[in-house]
Amino acid sequence: MAPGFTVWIHVARPPAAVFEAVADPAQLSRYFTTGGATGRLESDATAQWDFHDFPGAFPVRVLEAKMPDRIRLAWFRSDGSGENEVDFTFEAVDDGARTKVSVSESGWADDAAGRKASYDNCMGWSQMLMALKAWAEHAINLREGAYK
C-alpha cells in the first residue's frame with residue numbers, strides 16, 4: 001500500500017477564518033511559507049510557495065477550493081517523479097466557535113524513498129498546523145527564524 005497520512009488540529013477560530021488563513025497568500029506567508037506565497041488558493045488557480053528550508057518557489061495547483069470546507073491541492077514531489085495530492089478540510093466544532101483542520105497527503109511510491117518522503121511531509125504538515133493555530137489564535141509566527 002502506498003504511503004499516505006492525515007494530521008489534524010483544533011483551532012479556536014470559526015471555519016471561515018481558518019480557511020482564509022490558509023487560502024490568503026499574505027497570511028500564509030506570515031506563518032508558513034517562510035520565503036513567501038503568491039496567488040490565492042482558489043479552484044483552478046496555481047499559486048507559488050517558497051520556503052527558506054527548501055529554496056526556490058514551486059507551483060501549487062488548486063484542484064478545488066470550497067469556502068469554508070475544503071482546499072485540495074496538487075504539487076510535484078521533491079524527487080520530480082510526479083505529483084501528490086494534499087487535502088485540507090475545515091470542520092466546525094463547538095457550534096462553529098472552533099475548527100478541526102485536517103491535512104491529508106498521498107501519492108508517494110510504495111518504496112523506501114516514498115516512505116521517507118511521506119514521513120518528512122507528515123512532520124512538515126504537523127508543524128504547519130501548529131503554526132496555523134498560533135497565527136490564527138494569537139498572530140504569532142512560530143516559524144520566524146526557525147529555518148534561516
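Only the coordinates and a few stated rules stand behind these numbers; no lab work does. Please read all numbers here as calculations on a predicted model, not as lab measurements. Cβ: placed from backbone, ideal geometry, glycine included. Neighbour counts: every protein chain shown.
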Give the long-range amide H neighbours of GLY35: residues separated by 5 or more places, or on another chain, with amide H under 5 Å away, using H modelled in the peptide plane at 1.01 Å from N. ASP50, PHE51, HIS52
Roughly speaking, what is the stretch gain from ALA92 to ARG115, that is 0.36 nm per residue apart minus the C-alpha to C-alpha distance, in nm to one decimal? 5.1 nm
Whole-Å distance linking the alpha carbon centroid of segment 133-147 with that of segment 37-98 is 18 Å
Can you give the FRET efficiency to the nearest 0.05 for ASP44 and SER104, using r as the Cβ-Cβ distance and R₀ = 22 Å? 0.60
Among [x] 10, 30, 22, 17, 14, 6, 1; [y] 12, 42, 37, 8, 0; [z] 13, 47, 33, 8, 0, the entry derived from the coordinates for P(r) over Cα pairs in 10 Å bins from 0, in percent: [y]
Given the peptides 65-76, 31-42, 46-57, arrange them by the average over their residues of other C-beta atoms within 10 Å, most packed first. 31-42, 65-76, 46-57
Residues whose placed amide H lies under 5 Å from that of ARG13, excluding near-sequence neighbours: THR99
Per-residue [θ]222 nm for the chain (sum of -39500 (n - 2.57) over DSSP H runs n ≥ 4, rounded to 500): -9500 deg cm²/dmol
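Using only the Cα atoms of segment 74-142, build the gyration tensor, take square roots of its eigenvalues as a ≥ b ≥ c, and label the shape rounded, prolate or oblate: rounded if a/c is under 1.5, else prolate if a/b is larger than b/c, else oblate.
Numbers: a/c = 3.00, a/b = 2.03, b/c = 1.47.
Judged from the Cα gyration tensor, segment 74-142 comes out prolate (a/c at least 1.5, a/b above b/c).
What is the extension gain from ALA16 to PHE76, computed as 0.36 nm multiplied by their sequence separation minus the C-alpha to C-alpha distance, in nm to one decimal? Kindly include the intermediate steps, with their values, before the conclusion.
Details: separation 60, 0.36 × 60 = 21.60 nm, distance 2.77 nm.
Full extension of this stretch gives 18.8 nm more.
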Once phi is turned into ³J(HN,Hα) by the Karplus curve 6.51 cos²θ - 1.76 cosθ + 1.60 with θ = phi - 60°, what whole-Hz value does each residue of segment 120-135 show in order, with x for glycine and proline? 4, 5, 4, 4, x, 5, 4, 5, 4, 5, 5, 5, 4, 4, 5, 5
Just need the relative contact order of the chain here, percent rounded to a whole number, with Cα pairs under 8 Å and 6+ apart. 30 percent
FRET efficiency (GLU85, GLU137; Cβ distance; R0 30 Å; to 0.05) is 0.60
